[in-house]
Amino acid sequence: MTRVKVVVLTGAGISAESGVPTFRDADGLWEGHRVEDVATPEAYELSPTTVHRFYDARRAALRAVDPNPAHTALARLERELGDDLLVITQNIDDLHERAGSERVLHMHGELRSALCRACHGRHRWDHDLVDLPPCPGCGVTELRPDVVWFGEIPYEMDRIAVELARAELFVSIGTSGAVYPAAGFVRQAMRYGARTLELNLEPSEGTVWFHEARHGRAGDLVPEWVSELLSRVSR
Ligand code: BV8
């Protein structure tokens, strides 16, 4: 039996069935806000309160949602593949971790983390930030959401490049392929010879770059794909 190095990229679509709104579907988050008003450094400079309220609401909403079968299936896959699986997520929720995944790379940061603009410390954070609490590290009241905004560089891009070069299978789950550099990962993986698979409700903007695409709900597609893959490989 063979081993296979798998890199999975997830987007908002994998959390949709948990009740976390996506960004670009009809009732998406951005519908309530123009992205420039809440997810850019300029927006934060202009109106920190608006931006804090947007993220404080999303952080609080995490308590009311749970992982769905797609998250659970990826955690099962990690138990079987171990270091041969890495989940790179664009999502800032903690549903992968709560489903049991440990090897998760949050390239766009996390709601449950605060970043200090004074000491650049990153701290586990589960409360509101709108009242400008002191940084647990340096005490200065300069904490912002530890989230990568448009125009900012995503986390761990060097590590991601290494992982994409090593991948034998690249699977994109629940993302529209609208935001870079994440939307370009499929081409990077393909250039290094990976097989590419898209699991999404509908064809993404990058669907042409995938060897195979299956369209439907992540809660159905992901457990089915994981069972299929595990029947073919072993650690
Ligand atoms: C950077 C954190 C430089 C905040 C986010 C012009 C052309 C190309 C690029 C650019 C350009 N102008 C500017 C850029 C760069 C820009 C960009 O890509 N802009 C886009 C809008 C054109 N990117 C950046 O600024 C990035 N930084 O480029 O720095 C650099 C880069 C590398 C190295 C050095 C320097 C930073 C981008 C990060 C922004 N932050 N999130 C927050 O969460 O509030 S992005 C945000 O949108 C999300 O995090 C998510 O990652 C991203 C994409 O959303 P998706 O996850 O795909 O969600 P979406 O709603 O779009 O789609 C959901 C999909 O799921 C749909 O297809 C739907 O059909 C499907 N679905 C729904 N339900 C289900 C389902 N699928 C399965 N089952 C279901 N049940």
_Step by step: first the residues of the range 52-97, then only those that are within 16 Å of the ligand (Cβ to nearest atom) and part of a strand (DSSP E or B), then the one that is farthest from residue 189 (Cα to Cα). Which residue is that?_
89
*Hits in the range 80-90 (condition: in contact with a Leu (Cβ under 9 Å, 6 or more places away or on another chain) and crowded, with 16+ Cβ neighbours inside 10 Å)*: 81, 85, 86, 87, 88, 89, 90
*asked:* Under 7 Å between Cβ atoms, which residue pairs at least 6 apart in sequence (or on different chains) link something in the range 109-126 that is in contact (Cβ under 8 Å) with a residue 12 or more places away in the chain with a partner that is among the aromatic types (Phe, Trp, Tyr) and assigned to a loop (DSSP other than H, G, I, E, B)?
replied: 109/155; 112/125; 113/125; 114/125
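One line per residue, one yes/no per condition, for (1) closer than 22 Å to residue 20 by Cβ; (2) touching a helix residue (DSSP H, G or I) at 6+ places or on another chain (Cβ under 9 Å):
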residue	(1), (2)
150	yes, yes
161	no, yes
167	no, yes
171	yes, yes
190	no, yes
193	no, no
201	yes, yes
*With 226, 208 as the choices, which residue is within 15 Å of the ligand (Cβ to nearest atom) and under 13 Å from residue 8 (Cα atoms)?*
226
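Got a sec? Which of 183, 161 is part of a helix (DSSP H, G or I), modelled with pLDDT of 95 or more, surrounded by 16 or more Cβ atoms within 10 Å (Cβ to Cβ) and within 13 Å of the ligand (Cβ to nearest atom)?
Values: 161 fails: surrounded by 16 or more Cβ atoms within 10 Å (Cβ to Cβ).
When all the criteria are applied, what remains is 183.
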*asked:* With out of contact with any Asp or Glu (no Cβ under 8 Å at 6 or more places or on another chain), buried (at least 18 other Cβ atoms within 10 Å of the Cβ) and more than 30 Å from residue 3 (Cβ to Cβ) as the only criterion, which of 143, 74 stands out?
replied: 143
*Which one is farthest from the chain's Cα centre (by Cα), of the residues in the range 98-117 that are closer than 20 Å to residue 229 by Cβ and in a loop (DSSP other than H, G, I, E, B)?*
100
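Would you check which residues across the range 8-22 are more than 13 Å from the chain's Cα centre (by Cα) and at negative phi and list them? Steps first, please.
As a first pass, look at the range 8-22 and keep what is more than 13 Å from the chain's Cα centre (by Cα): 17-19, 21.
The answer is 17, 18, 21.
So, residue 153, is that one surrounded by fewer than 19 Cβ atoms within 10 Å (Cβ to Cβ) and outside any helix (DSSP H, G or I) or not? Show your work before the answer.
Working: surrounded by fewer than 19 Cβ atoms within 10 Å (Cβ to Cβ): yes; outside any helix (DSSP H, G or I): yes.
So residue 153 fits the description; yes.
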*Inside the range 188-203, can you point out the residues that are more than 19 Å from residue 153 (Cα to Cα) and not hydrophobic (A, V, I, L, M, F, W, C)?*
191, 192, 193, 195, 196, 198, 200, 202, 203
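What about residue 25, is it at pLDDT 95 or above, in a loop (DSSP other than H, G, I, E, B), within 12 Å of the ligand (Cβ to nearest atom) and within 29 Å of residue 195 (Cβ to Cβ)? If you could, list the steps in order and put the result at the bottom.
Values: at pLDDT 95 or above: no; in a loop (DSSP other than H, G, I, E, B): yes; within 12 Å of the ligand (Cβ to nearest atom): yes; within 29 Å of residue 195 (Cβ to Cβ): yes.
Taking the combined requirement at face value, the residue does not satisfy it.
The values are calculated or read from the model by the stated rules, or taken from the named source; none is laboratory data. Keep in mind that this is a model prediction, so the values were computed, not measured. We place every Cβ from the backbone using ideal geometry, glycine too, and count neighbours over all the protein chains shown.
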